[in-house]
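S.K.: Here's a structure for you.
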Amino acid sequence: MSSDWPLWEVFVRAKGGLAHRHVGSVHAPDAELALRHARDTYTRRLEGVSLWVVPSAEIVASDPDEAGELFEPAESKIYRHPTFYDIPDEVKHI
Amino acid sequence: MLPLACHRVVNRHDLNLATGGATSVSMYTTELQKTAKIENLEDSKLLEEFEARVAADDFIEPKDWMPEAYRRTLTRQISQHAHSEIVGMLPEGNWITRAPSLRRKAILLAKVQDEAGHGLYLYCAAETLGTSREQMIEALHSGKAKYSTIFNYPTLTWADIGAIGWLVDGAAIMNQVPLQRTSYGPYARAMVRVCKEESFHQRQGYEIMIALANGTAEQKRMAQDALNRWWWPSLMMFGPPDADSPNTAQSMRWRIKRETNDELRQKFVDITVPQAEFLGLTVPDSDLRWNDEKGGYDFGEVDWEEFYAVVRGEGPVAKERMKARRDAWDNGAWVREAAQAHEAKRRQRKAA
């Protein structure tokens, strides 16, 4: 059993108007220190205006082995895309 | 799917970080035990798909299927790279209290802090392959895992801080830029961050060299002395000649390595020699000559005996470096434990 501090995933909002983006992870004993470590590790050069830390163990991820079946429907339903439809050129603003 | 930098499947494979003999060593990642062979037991269809993805410059992510040899080689390479960043703080840390001005001191502090950050990015990337941080650190402290030979040389004068930034970080950049396109996603992403930050390291070093080279006769002598001592160890950072690096082909195929040791070394010499000339300093190599035909410099043979001796742990300050790391780890134990105990208590109170 590892006695490493728990792992936290770090998300940074680069600036107002943008979503938080995953940048990496840190080990920390608690949420407060996770934030501090994330700040020292990932924002030494004005990389962000806001930080999220999430216990890595709390993240549920899809299985890459099932990616094919999981995302396949998006591929076959091309009518979900606007370019699927034929609209005469003379029709504007559509 | 969330692009997890570190996933939770730890200890799935108890990876041995460095067993076997030294056959090939390169850069920040002293590549020992490069006898990685693909197991026949593995599903040949999965293997075929994997090879095709990598050949197409697709990225492999932590939970994707990968051959065990790929996992093992990468774990060793990334963790050794991380160890190098961490041990690499020591030679420079040696001069923080003695930097010649407040400006230099602030810069050096920031640089050393960056090295710590780089180590942390890399440990995280390595952890995604299933080895815990603690296992990696134990491997370093027990001497099982290696780190770049360059950090086993002492920093005797302030000029060494200039030479390290200029040459050692310069060589590191040369190696790390192509690794931004390495096939393993977390490693590539860590390299992107590292490369963004590394340029300042090299420039501050060169600026120190400029100041000394244009200073008093004594300062210029100091700069030349630092170049004399750091030149050859810097060339060694790229690892042994390609002929003695038998697994380069597999690492290139797997996009773990993107250029060979000799290619990178040549590039480094070609861009660094004019920088030395600008400083009015002499590169300590009597065989160094411009070769018009190949459009690059010819240069003398690296002393590979010295290199292998340092790999074996016989570097001038190897013992001192390891002692410093172990002491830091042991002396910090109470802090790690106290933080854990504090959090455990807080949880208990919350539950009550």
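The values are calculated or read from the model by the stated rules, or taken from the named source; none is laboratory data. Only a predicted model underlies this, so the values are computations on that prediction, with no experimental measurement involved. Cβ atoms come from the backbone with ideal geometry, glycine included; neighbour counts cover every protein chain shown. For the accessible areas, the whole protein counts, side chains as well, though only heavy atoms, and no ligand, DNA or RNA atoms are used. Shrake-Rupley method; radii C 1.70, N 1.55, O 1.52, S 1.80 Å.
S.K.: What percent do you get for the relative contact order of chain A when only Cα pairs under 8 Å and 6+ apart count?
M.R.: Result for chain A is 26 percent.
S.K.: Please sort through the DSSP H helices of chain B and keep those with an alpha-carbon extent of at least 24 Å along the long axis and a Kyte-Doolittle average not below -0.5.
M.R.: Long hydrophobic helices here: B:102-127, B:185-213, B:261-279.
S.K.: Measuring with a 1.4 Å probe in the full set of protein chains, what accessible area per residue, in whole Å², belongs to chain B?
M.R.: Result: 43 Å² per residue.
S.K.: Which three lengths, in whole Å and largest first, does the stretch A:1-63 cover when its Cα atoms are put on their principal axes?
M.R.: 40, 29, 15
S.K.: Now for a separate question. Probe radius 1.4 Å, ligands and nucleic acids left out: can you give me the accessible area buried at the A-B interface, summed over both chains, in Å² to the nearest hundred?
M.R.: In total, this chain pair buries about 2500 Å².
S.K.: FRET efficiency for residue B:68 and residue B:351, Cβ-Cβ distance as r, R0 = 45 Å, nearest 0.05?
M.R.: So the FRET efficiency works out to roughly 0.60.
S.K.: Which of B:337, B:197, B:85 ends up with the largest GNM mean-square fluctuation for chain B, with Cα atoms connected below 10 Å?
M.R.: Per the Cα network of chain B with a 10 Å cutoff, B:337 tops the list.
S.K.: Still on this structure: Efficiency by 1/(1 + (r/R0)^6): what FRET value for residue B:344 and residue A:4, r their Cβ-Cβ distance, R0 = 25 Å, to the nearest 0.05?
M.R.: Using R0 = 25 Å, I get an efficiency of 0.95.
S.K.: Rounded to the nearest whole Å³, what is the per residue volume of the convex hull around the Cα atoms of the stretch B:110-202?
M.R.: Looking at the stretch B:110-202, the number lands at 104 Å³ per residue.
S.K.: Using a Gaussian network for chain B with springs between C-alpha atoms less than 10 Å apart, which of these wobbles most: B:102, B:74, B:90?
M.R.: Of the options given, B:102 has the highest mean-square fluctuation.
S.K.: For the charge dipole of chain A, defined by +1 on Lys and Arg C-beta atoms and -1 on Asp and Glu C-beta atoms about the Cα centroid, which residue among A:74, A:31, A:64 has the Cα displaced farthest towards the positive pole?
M.R.: A:31
S.K.: With a 1.4 Å probe and all protein chains left in place, how much accessible area per residue does chain A have, in Å²?
M.R.: In whole numbers, chain A has 71 Å² accessible per residue.
S.K.: OK, next. So how far, in whole Å, is the C-alpha centre of the stretch A:3-73 from the one of the stretch B:193-251?
M.R.: 34
S.K.: Next up: Residue separation times 0.36 nm, minus the C-alpha to C-alpha distance between residue B:200 and residue B:305: what's the value?
M.R.: 34.5 nm
S.K.: Under a cut-off of 23 Å between alpha-carbon atoms, report the lysines in cross-link reach of residue B:45, not counting same-chain residues fewer than 8 places apart.
M.R.: By straight Cα distance, residue B:45 reaches B:37, B:63.
S.K.: Right, another one. For the Cα atoms of chain A, what angle does the longest principal axis make with the long axis of helix A:67-76, in degrees from 0 to 90, nearest 10?
M.R.: Orientation of helix A:67-76: about 30 degrees from the principal axis.
S.K.: I need the Kirkwood Rh of the stretch B:34-144: take the reciprocal of the average 1/r across all distinct C-alpha pairs and report it in angstrom.
M.R.: For the stretch B:34-144, the Kirkwood estimate is 16.3 Å.
S.K.: What number, in percent, do you get for the relative contact order of chain B if the mean sequence gap of Cα pairs under 8 Å and at least 6 apart is divided by its residue count?
M.R.: Across chain B, relative contact order equals 20 percent.
S.K.: Express the relative contact order of the stretch A:8-54 as a whole percentage, based on alpha carbon pairs under 8 Å and six or more residues apart in sequence.
M.R.: 50
S.K.: How many Å³ per residue does the convex hull of the Cα positions in the protein assembly as shown occupy?
M.R.: 225
S.K.: Shifting gears a bit: With the full set of protein chains in place, find how many percent of the accessible area of chain A is carbon and sulfur; take the probe as 1.4 Å.
M.R.: Of the solvent-accessible surface of chain A, carbon and sulfur hold 57 percent.
S.K.: Determine the residues within the stretch B:100-114 where the difference in accessible area between the chain on its own and the full set of protein chains amounts to at least 10 Å²; count protein heavy atoms only and use a 1.4 Å probe.
M.R.: Buried-area filter returns B:113, B:114.
S.K.: OK, next. Quick one: helix A:31-42 against the long Cα principal axis of chain A, what's the angle to the nearest 10°, folded into 0 to 90?
M.R.: Computed tilt is about 70 degrees.
S.K.: Whole percent per 10 Å bin, from 0 to the bin with the longest distance: what is P(r) over all C-alpha pairs of chain B?
M.R.: It works out to 5, 24, 33, 23, 11, 3, 1, 0, in whole percents.
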